[in-house]
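The values are calculated or read from the model by the stated rules, or taken from the named source; none is laboratory data. Every value quoted in this text rests on a predicted model; they were computed, and no experiment measured them. Methodologically, a virtual Cβ is constructed for each residue, glycine included, from the backbone with ideal geometry; neighbour enumeration extends over all protein chains shown.
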Amino acid sequence: MNDIIGALFIFSNVIYWSLYIVIGKKILKKYSAELVTSYTVIFGTLLMIPTAILWGNLSEITNLNLSYWISILYLGILGSFVGFFCGITG
C-alpha cells in the first residue's frame, strides 16, 4: 500500500510541476521572475507548516542547532529559490 501512495505522490508532483511551469510562463508576462519565485517559495513554506503540525514534527524545529539552520537556509536559497527561478525563466 505504501508503494501505491508513494507513486501517487510522485505522479501528483509531476502534474503540479507541469502546471507551475505552464501557468508561471503566463504570469511572467505581467510580473518579474523574482517576484513569482518569491511567492512560490513563501506559499510552499506556508503549506508545509500544517503538514508538520499534523505529523507532530513542528516541535523538533526548536531543537535545531546553528549548523542545521545554515543547512536549511542553504537548501532553501540554492535548492529551492535558485532552482525555481532557473526553471521559470529558462
Exercise for the section: Give the residues of the stretch 35-58 that are closer than 15 Å to G24 by Cα and surrounded by 11 or more Cβ atoms within 10 Å (Cβ to Cβ), sorted by residue number. Expected result: L35, V36, T37, S38, Y39, T40, V41, G44
Problem - V22 in a helix (DSSP H, G or I), among the hydrophobic types (A, V, I, L, M, F, W, C), under 24 Å from T89 (Cα atoms) and in contact with a Ser or Thr (Cβ under 6 Å, 6 or more places away or on another chain) - result: no
Completion exercise
Those residues of the stretch 61-90 which are part of a helix (DSSP H, G or I) and loosely packed, with under 10 Cβ neighbours inside 10 Å amount to T62, N63, L66, S67
Practice task
Report, by residue number, each residue of the stretch 40-90 that is among the aromatic types (F, W, Y), more than 16 Å from W17 (Cβ to Cβ) and modelled with pLDDT of 80 or more.
Solution key: Y68, W69, Y74
